[in-house]
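Asker: Dropping the structure in here first, questions after.
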Amino acid sequence: MRIGIDVTDITADMQKGGIYHYIVNLFSNLRDIDTENRYILFFNYFLKVHRAKCEEVMKQLEGRNMQIKLSRFPRRLRAKLHIPVNMFIGNIDIFHGPFDNLLPVVGCKKITTIHDVRYFDIHPRLHEVLPELADYSIDSNYYNWWNTWMEGMRKRVSSAAFKADHIIAVSNYSRDSLINLLHVNKDKIHTIYNGVSPLFVPVNDKKKIEMITKKYDIDHDYLLFVGHIDPFKNILRMIDAFHMVKNENGSGAPCLVMISPTRESDWFYRVVKQKISRMSLTHDIQIVNNIPDEELPYFYSGATALLLPSLYEGFGMPAIEAMACGTPVIAANACSLPEVVGDAALLVDPYSINSIVEGIQRILSDDNLREDLAIRGLKRSRLFSWEKTARETLKLYQEVYNQ
């Protein structure tokens with residue numbers, strides 16, 4: 001088979017978030033396990049900074065069965081003219097859009113991975129589920145851009161879901177959301193879970209952990225959040241809960257470290273910074289931007305617990321990464337998270353600040369609970385691997401090709 005892959009979206013994730021890691025981990029594993037088929041990765045770039053990102057990914061992905069085809073053809077013009085990708089990469093048997101998208105293509109079967117449908121679920125009800133937003137000064141230009149981007153994603157996901165012959169969903173929750181919200185035929189949706197990188201293992205050397213965390217001026221116990229700073233992560237309620245825990249525990253309370261690739265200019269990043277300032281938590285909450293991937297296991301391993309009380313997650317990779325590092329997880333009892341974490345995390349109601357507070361206090365006060373969750377989490381994390389994700393994706397390619 002000749003399998004075409006659209007990797008252009010790595011330029012939309014310059015800060016190495018979920019898109020980047022899905023593409024790099026899935027296709028590097030496909031390269032390693034598949035010696036029979038040929039993969040042609042299409043990368044449509046314009047700016048030099050995007051070319052640099054592509055060259056970084058090329059070093060990780062290129063091999064005897066995998067090559068990247070570059071194009072500087074203007075993307076908007078290509079989209080307007082509906083030029084098929086075949087013009088740039090030749091004839092293919094299968095085309096896969098790995099991030100909620102499907103470019104025009106002819107003469108082959110079409111697959112897309114749709115990671116979540118928050119654009120149809122939470123986003124239209126944002127001020128309903130987060131009424132506190134009305135209390136903050138929001139830069140209208142950034143906020144309007146964000147809303148426009150969300151509307152664009154609605155059109156993009158709808159189009160991809162309609163045009164695709166088959167859809168990969170990263171959880172049963174995402175699969176069911178596609179069926180219920182977009183009315184997609186259930187027979188063409190296949191659940192293939194994300195994996196966890198071998199990079200994420202417990203670090204037991206406390207001196208090494210301290211050496212890494214001190215680089216970022218973290219020198220005491222901390223709770224950890226990892227992910228984009230956006231409304232869907234429920235960060236405003238998480239900060240409220242942390243504030244209550246701090247007041248109840250006094251000087252014995254840990255700090256909160258938030259590791260995020262989100263740009264400081266982002267509208268919601270600014271809202272979060274306003275909230276932290278208003279609540280006089282500037283010295284208790286630290287946002288760390290863009291740490292190297294290899295340092296993240298140290299942060300997980302050194303944390304008292306990971307907080308992930310999200311309103312929406314299509315999968316929730318930080319939860320599995322933390323578990324693989326032996327870190328207790330406090331997660332929302334909503335969206336995909338109960339499915340992903342199973343019985344290996346402490347679940348809380350993401351809409352209840354008191355529930356989040358109760359979860360944090362239980363973790364802080366119960367050594368046996370922390371140890372039990374760490375053991376359960378390690379066991380649970382072993383169910384997920386990028387090699388397994390790649391093998392199941394390859395199996396789907398083969399089934400689709402033989403239809």
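The values are calculated or read from the model by the stated rules, or taken from the named source; none is laboratory data. Treat the numbers as computed from the prediction; the structure is a model and nothing was measured. Glycine also receives a Cβ, built like all others from the backbone with ideal geometry; neighbour counts cover every protein chain displayed. Side chains are part of the model used for accessible areas, which takes the heavy atoms of the whole protein and leaves out ligands, DNA and RNA. Shrake-Rupley method; radii C 1.70, N 1.55, O 1.52, S 1.80 Å.
Asker: Out of the residues in the stretch 319-353 that are open to solvent by less than 10 Å² (accessible area, probe 1.4 Å) and among the polar types (S, T, N, Q), which is farthest from the chain's Cα centre (by Cα)?
Answerer: For the stretch 319-353, the residue satisfying everything is 327.
Asker: Quick one: count up the residues across the stretch 274-305 that are closer than 22 Å to residue 327 by Cβ, part of a loop (DSSP other than H, G, I, E, B) and not hydrophobic (A, V, I, L, M, F, W, C).
Answerer: Looking only at that region, the number is 4.
Asker: OK, next. One residue is enough: does the stretch 176-187 have a residue meeting the conditions touching a strand residue (DSSP E or B) at 6+ places or on another chain (Cβ under 9 Å), free of Cβ contacts under 8 Å to residues at least 40 places away in the same chain and acidic (Asp, Glu)?
Answerer: Yes, some residue in the stretch 176-187 is touching a strand residue (DSSP E or B) at 6+ places or on another chain (Cβ under 9 Å), free of Cβ contacts under 8 Å to residues at least 40 places away in the same chain and acidic (Asp, Glu).
Asker: Checking the structure you have, find out if any residue of the stretch 54-71 is more than 30 Å from residue 401 (Cβ to Cβ) and surrounded by fewer than 17 Cβ atoms within 10 Å (Cβ to Cβ).
Answerer: Yes, the conditions are met somewhere in the stretch 54-71.
Asker: If you don't mind, there's one more thing I want to ask. So if I check each of 140, 159, 174, which one is among the polar types (S, T, N, Q) and closer than 20 Å to residue 194 by Cβ?
Answerer: Just a single option satisfies the conditions, and that option is 174.
Asker: List every residue pair whose Cβ atoms sit under 7 Å apart, with the two residues 6 or more apart in sequence or on different chains, where the first one lies in the stretch 135-161 and is under 18 Å from residue 104 (Cα atoms) and at pLDDT 90 or above and the second, anywhere, is of a type in the set (Gly, Ala, Ser) and outside any loop (DSSP other than H, G, I, E, B).
Answerer: Close Cβ pairs (under 7 Å, with a partner that is of a type in the set (Gly, Ala, Ser) and outside any loop (DSSP other than H, G, I, E, B)) amount to 160/97.
Asker: Name the strands (runs of 3 or more DSSP E) wholly within the stretch 151-270 that hold at least 1 residues that are open to solvent by 30 Å² or more (accessible area, probe 1.4 Å)?
Answerer: 189-191
Asker: From the residues in the stretch 1-51 that are β-branched (Val, Ile, Thr) and surrounded by fewer than 18 Cβ atoms within 10 Å (Cβ to Cβ), which one is modelled with the lowest pLDDT? I'd like the intermediate steps shown before the answer.
Answerer: Residues of the stretch 1-51 that are β-branched (Val, Ile, Thr), as a first pass: 3, 5, 7-8, 10-11, 19, 23-24, 33, 35, 40, 49.
So of that shortlist, the ones also surrounded by fewer than 18 Cβ atoms within 10 Å (Cβ to Cβ) come out as 33, 35, 49.
On the way: 33: 94, 35: 90, 49: 72.
That would be 49.
Asker: For the stretch 100-148, enumerate the residues that are among the hydroxyl-bearing types (Ser, Thr, Tyr), open to solvent by 50 Å² or more (accessible area, probe 1.4 Å) and in a helix (DSSP H, G or I).
Answerer: Keep residues of the stretch 100-148 that are among the hydroxyl-bearing types (Ser, Thr, Tyr), which gives 112-113, 119, 136-137, 140, 142-143, 148.
Filter again for open to solvent by 50 Å² or more (accessible area, probe 1.4 Å), leaving 137, 140, 142, 148.
Result: 140, 142, 148.
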